[in-house]
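Visitor: Before I ask anything, let me first share the structure, which is written out below as structure tokens.
The values are calculated or read from the model by the stated rules, or taken from the named source; none is laboratory data. Since the structure is predicted, the reported quantities are computational estimates derived from the model, not experimental observations. No Cβ is skipped: glycine too gets one built from the backbone with ideal geometry, and neighbour counts run over all protein chains shown. SASA here: full protein model, heavy atoms, side chains in, ligands and nucleic acids out. Shrake-Rupley method; radii C 1.70, N 1.55, O 1.52, S 1.80 Å.
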Amino acid sequence: MLSTQPLICTSICESDWPSVARAVHDAGRFNTLIEIRLDCFVPFVLQGLNPLRELLAACAQPTIVTFRPAEQGGRCAADFETRFRFWRDEGLLLPSKFVDLELDVAERLSREAVSVDWSRVICSYHNHDGLPDELNQIFKRLAATPARVVKIAVRVDDAVDCTQILHLLEQARRDGREIIAIGMGAEGVATRILGPARGAFLTYGSLGKERATAAGQLSIEELTSVYRIEKISRETAITGLVGCPIGHSISPQIHNAAFASLGADAVYIPFEVKNLEAFFKRMVHPRTREIDWRMRGLSITAPYKTKVLAELDWIEPGAREIGAVNTVVVEDDRLCGYNTDANAFLAPLKNRLNSLADARVAIIGAGGAASAALYSLKQENAKVTIFARDVQQAKQFADRWSMESSELQDAVFADFDVVVNATPLGTKGELENETAALAQQLHGARLAYELVYNPQVTQFVREAQAAGCDTLDGLPMLLTQATEQFQLWTGLNPGAEIMRAAAIRALGNSVV
């Protein structure tokens, strides 16, 4: 690969020539290759390629032309013969830096001895249904073609599946083959961020979230400004967020801004995990992991704050008493667990109330966040009642802490000083329009404390405002616990204002 080759390719999928031209112009702001997806505007392509030739000739950046079929995630229904004739008769003559040919087309061109400049060919395989069992065999077929670059993009359903994509990069490096290997979907984001540093020819990005051309594709802005992809190397320390789902999280924006401000060689990556045990065994634990990387630590969020305890070698006493860990630190060959939620929950609350001693506090929820909140409040001698939709669950949870419990459905919070939403209800995404309590239930309560931070104004907050309650959102808690996490991983102070500014930008731009 040439040293001047950009690490990122802007993928463009527009429906007509003027839109393509505008997108190419917009992509000119970035130092990237530009991929033009012809399958997105097939009728115009079939009418003639002169506009495309002129566009490619005028483009100052290197380009890739792609004509993706529907069965491999493309936008057109052109059959194999149509695609083959297109490439044989016209496509290969286009003045682009590269052409992206599907494996079936490349194999036939090679068999029929069609004149092809293989030094500009990317030979690709896409599977949007899942990770095929025969992945290595597919790689061997791709590698058997004369193409300069081979590409494999497959849907992954769990972050742990990224191991197979990263292994492909290592195999290609050993075999001396240039490769693009991508795990599609939110679960495969790590392959998009780390790929170039681990030998990938490039990674793809979009001009904006709404203009992504594949599942899990990040924007150019995210790749360059949030993840600083051009600064990542094999020696970069890896940190990240483990949970499911995590699309609402702004933790990558917060922690990566802190790393950037300190000039730290580290990156924070979202890992959407389905099988926690497999993820920790194959990707995290120093004694068993299959990836050679500098894993430094992880944030743990729902639904794994309690389940993660089984994967750790040591747990701080406070976290063990709480029964929940939100921070993992890799220390030599051990995984150590901490809870930074408890102190972070309390700090903003104490800024609003002079004393919590004998304060009547209602906690809605019975998970890891509720445990941390209850632990902190107990230290302050507050009088806590646990509320949950499942009465038995609420009772079991409260009994463990020698606290009272009650059913949520008909609850009235008029006599409480503080009502805490420690459930995920209201979180950006599928739960955004839900609330843990209604205005008529909250009427008379002094303060409503929302632990959800994205969006900043949740339905619970709106209900509390309608009831005349003071409100406290979850952003201060998020920033406080993140600061403590950062210090545990690095021993450095990230700067509260750096993190806060990054969070406000992320929430303001609806970056998820």
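Visitor: At 1.4 Å probe size, what's the solvent-accessible area of Val452? Round to the nearest 10 Å².
Guide: 10 Å²
Visitor: Per residue Cα convex hull volume for the range 191-256, in cubic angstrom?
Guide: 98 Å³
Visitor: Continuing with the same structure: Write down the radius of gyration of the range 65-146 and its Dmax, each obtained from C-alpha positions, in Å.
Guide: Final numbers for Rg and Dmax: 12.6, 37 Å.
Visitor: Taking each pair of distinct Cα atoms in the range 30-185 once, what is the resulting Kirkwood hydrodynamic radius in Å?
Guide: So the Kirkwood estimate lands at 16.3 Å.
Visitor: How much accessible area per residue does the range 69-161 have, counting only protein heavy atoms and a probe of 1.4 Å, in square angstrom?
Guide: The answer is 43 Å² per residue.
Visitor: Rg to Rh for the range 306-456: what is it, with Cα atoms only and Rh by Kirkwood?
Guide: 0.98
Visitor: Quick check: pseudo-label points 7 Å beyond the Cα along Cα→Cβ at Glu316 and Asp358, how many nm apart are they?
Guide: Going from the Glu316 label point to the Asp358 one covers 3.2 nm.
Visitor: Given a 1.4 angstrom probe, I'd like the percentage of the accessible area of the chain that is carbon and sulfur, rounded to a whole number.
Guide: Accessible surface attributable to carbon and sulfur in the chain totals 46 percent.
Visitor: Cα convex hull of the range 251-312: how many Å³ per residue?
Guide: Once divided by residue count, the hull of the range 251-312 is 92 Å³.
Visitor: Ok, one more. Taking only DSSP H segments of four or more residues, each worth -39500 (n - 2.57), what value at 222 nm results for the chain once the sum is divided by all its residues, to the nearest 500 deg cm²/dmol?
Guide: -9500 deg cm²/dmol
Visitor: Treating the Cα atoms of the chain as identical point scatterers in vacuum, please give the log10 of the normalised Debye intensity I(q)/I(0) at q = 0.10, 0.13 Å⁻¹, two decimals.
Guide: The Debye formula, applied to the Cα set alone, gives -0.82, -1.16.
Visitor: Give the peptides 166-179, 384-397 in descending order of average Cβ contacts within 10 Å, highest first.
Guide: Per-residue Cβ counts within 10 Å, averaged per peptide and sorted highest first, yield 384-397, 166-179.
Visitor: Using the heavy atoms of the protein chains and a 1.4 angstrom probe, tell me the accessible area per residue for the range 313-444 in square angstrom.
Guide: With the other protein chains kept in place, the range 313-444 gives 45 Å² per residue.
Visitor: Once amide H atoms are placed 1.01 Å from N in the peptide plane, what residues at a sequence separation of 5 or more from Val419, or on another chain, have their amide H within under 5 Å of its amide H?
Guide: It is Ala362, Leu447, Ala448, Tyr449, by chain and number.
Visitor: Given the convex hull over the Cα atoms of the range 159-268, what projected area results after averaging over all orientations, in nm²?
Guide: Seen from a random direction, the Cα hull of the range 159-268 projects 6.7 nm² on average.
Visitor: A further question on this structure: Cα-based Rg of the range 219-297 per 2.2 N^0.38 Å, rounded to two decimals?
Guide: So the range 219-297 has a normalised radius of gyration of 1.12.
Visitor: Give me the distance in nm between label points sitting 7 Å out from Cα along the Cα-to-Cβ direction at Gln440 and Glu404, one decimal.
Guide: Output for this residue pair reads 2.3 nm.
Visitor: Probe 1.4 Å, all protein chains in place: accessible area of Glu112 in Å², nearest 10?
Guide: Glu112 exposes around 90 Å² with every protein chain in place.
Visitor: Quick one: how many Å² of Arg75 are accessible to a 1.4 Å probe, rounded to 10?
Guide: Accessible area of Arg75: about 140 Å².
Visitor: What order, most packed first, do the peptides 265-278, 492-505 have when packing is the mean number of other Cβ atoms within 10 Å of each residue?
Guide: Answer by packing, highest mean first, reads 265-278, 492-505.
Visitor: Which whole-Hz ³J(HN,Hα) couplings does the range 222-231 yield from phi under the Karplus relation 6.51 cos²θ - 1.76 cosθ + 1.60, θ = phi - 60°, glycine and proline marked x?
Guide: 5, 4, 8, 8, 7, 8, 6, 4, 6, 9
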